[in-house]
Amino acid sequence: MRCTRKYALYTGTERKTERKFCTYLLGGQIMKEFIEAAEQHLLHVYNRYPVVLDHGEGMYLYDTNDKKYLDFAAGIGTNALGYGNKEFITAMKEQMDRLLHVSNYFYTKPNISAVKLLAEATGMEKVFISNSGAEAVEGAIKLARKYARKKGFSDKTELIAMNKGFHGRSMGAVSVTGTESYRKPFEPLIGNVHFADFNDISSVKELVSSGTCAIIVETVQGEGGIHAAGEEFLLGIRDLCDKNDILMISDEVQCGMGRTGSYFAYEKYGIQPDVVTMAKGIGNGIAVGAFAVNKKAMNGLEAGDHGSTFGGNPFASAAITKVFEIFKKQDIISHVKEMGDYLTKALDGLSEKKKVIMERRGLGLMQGIECSEPVGPYLLKALEEGLILIGAGKNVIRFLPPLIAEKEHVDEMIGILDNILS
Ligand SMILES: Cc1ncc(COP(=O)(O)O)c(C=O)c1O
């Protein structure tokens, strides 16, 4: 085939149109080669899209063929500021020049600033910085068990978690994850975990006993299909925790850091949990997580009880600090409120038009549409059309754009989706 004549192509002797055609095919071939090379050594625990991404700018990603994609997934709700934010990148480069890592045996300025910002934003007293959401959940579980033990209740070890809840893939986090297929192959897990139904407070009440040390709940379930907690449910959990000296752990890894139009989604309900877990958006793509804890529970963990080599190192901490600075400077929270309303209306409009959409759910820029059939083929079609979307379970399309999305991006996304769902 003409396009295999790389020499002619490189020397520019092909005619212009031929060259364009060849570049595309050659690019496709290169992408295929990349994917084959990747699958030789990548442990296959993800079914990846057949695309090799190369760079990004604002709301858009580009593959190795230079094909442009509008991104409504944001690295699973992580790239809060989109791609190529100059201020963020400059801060990261400066921190790289200054200091990357020292260990938690020392204090560093970026770390001091990051924990202050996280404590203020969550309304909590103390913060531990980890490297991921799952690690934040691990820390929160350890804290809950140790808190009860320190109070003299050594058999108060039970955890209540929610069906369809998701908290990560490490052993502790998967133990409280409400999807059986994620847990079953790895049993025995940490044990003493009971599952209630999300948004059914009586099912939680039934499980509370003198042995319960914590209730862990996402304010908005992400992986489970975008379900926001009802007010009665979340307030009911707070009340149960208060009455029975149980710690309420809010997992805000996906719904936190501005995604629903407030720094943390539980703020909307007028409650304060005892422990908050977070990750994703707080680092804007740098691998970080954290859990924050209130005055009541903060002494649960003591020196020697918990730790992490990398957790909260100067580089990760500088990322958190800069994300907060940019959030404040650009008033990202107000922007998400406005854009969340716009996205909600746009998706509601689409739902009215398309029979395949059963329901729209979500808050702010964390939305989902439940379809009457599996959405996998729609996600692939969207990719072909230059739109990155991800699912949440079999029948739900999830929308987690970077928080800098503008109306024009929502309109572009809706336009593509409109065609695809026809
Ligand atoms: C609510 C929630 N908790 C915990 C996690 C685990 O976070 P990570 O993948 O950073 O370990 C996730 C990941 O999607 C999540 O959505």
Please indicate, with yes or no, whether at least one residue in segment 353-373 is out of contact with any Cys (no Cβ under 9 Å at 6 or more places or on another chain), closer than 20 Å to Leu61 by Cα and free of Cβ contacts under 8 Å to residues at least 12 places away in the same chain.
no
For this session: Please indicate, with yes or no, whether at least one residue in segment 213-220 is of a type in the set (Asp, Glu) and crowded, with 18+ Cβ neighbours inside 10 Å.
Result: yes
Checked against (1) in contact with a Pro (Cβ under 9 Å, 6 or more places away or on another chain); (2) in contact (Cβ under 8 Å) with a residue 40 or more places away in the chain; (3) within 16 Å of the ligand (Cβ to nearest atom); (4) hydrophobic (A, V, I, L, M, F, W, C), Ala214 satisfies every condition except (1)
Selection over segment 217-239 where residues are acidic (Asp, Glu) and more than 11 Å from the ligand (Cβ to nearest atom) yields a count of 3
Within segment 175-211, residues being free of Cβ contacts under 8 Å to residues at least 40 places away in the same chain and in contact with a His (Cβ under 8 Å, 6 or more places away or on another chain) number 3
Residue pairs within 6 Å by beta carbon, gap of at least six or interchain, first lying in segment 135-153 and under 16 Å from Ile215 (Cβ atoms), second assigned to a helix (DSSP H, G or I) and within 12 Å of the ligand (Cβ to nearest atom), listed first then second, are Val137/Ala173; Ile141/Gly172
Subset of segment 167-219, residues assigned to a loop (DSSP other than H, G, I, E, B), in contact with a helix residue (DSSP H, G or I) (Cβ under 8 Å, 6 or more places away or on another chain) and under 20 Å from Lys142 (Cβ atoms), comes to His167, Gly168, Arg169, Ser170, Val176, Thr177, Leu189, Ile190, Gly191
In the set Thr122, Thr78, the lone residue that is touching a Lys or Arg at 6+ places or on another chain (Cβ under 6 Å) and under 17 Å from Gly281 (Cα atoms) is Thr78
If you go through Lys381, Lys394, the only one that is surrounded by fewer than 24 Cβ atoms within 10 Å (Cβ to Cβ) and either hydroxyl-bearing (Ser, Thr, Tyr) or within 23 Å of the chain's Cα centre (by Cα) (or both) is Lys394
> Quick one: is Tyr62 within 16 Å of the ligand (Cβ to nearest atom), outside any helix (DSSP H, G or I) and either modelled with pLDDT under 95 or not charged (D, E, K, R) (or both)?
Replying inline: no
Counting only residues that are assigned to a strand (DSSP E or B) and under 18 Å from Leu343 (Cβ atoms), segment 70-83 contains a total of 2
Checking Gly152, Gly168 in turn, the sole residue that is on the phi > 0 side of the Ramachandran plot, at pLDDT 95 or above and away from the ligand (no atom under 16 Å from the Cβ) turns out to be Gly152
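The values are calculated or read from the model by the stated rules, or taken from the named source; none is laboratory data. Computed from a prediction, not measured in an experiment: that's the story for all the values here. Note: ideal-geometry Cβ built from the backbone for every residue, glycine included; neighbour counts use all protein chains shown.
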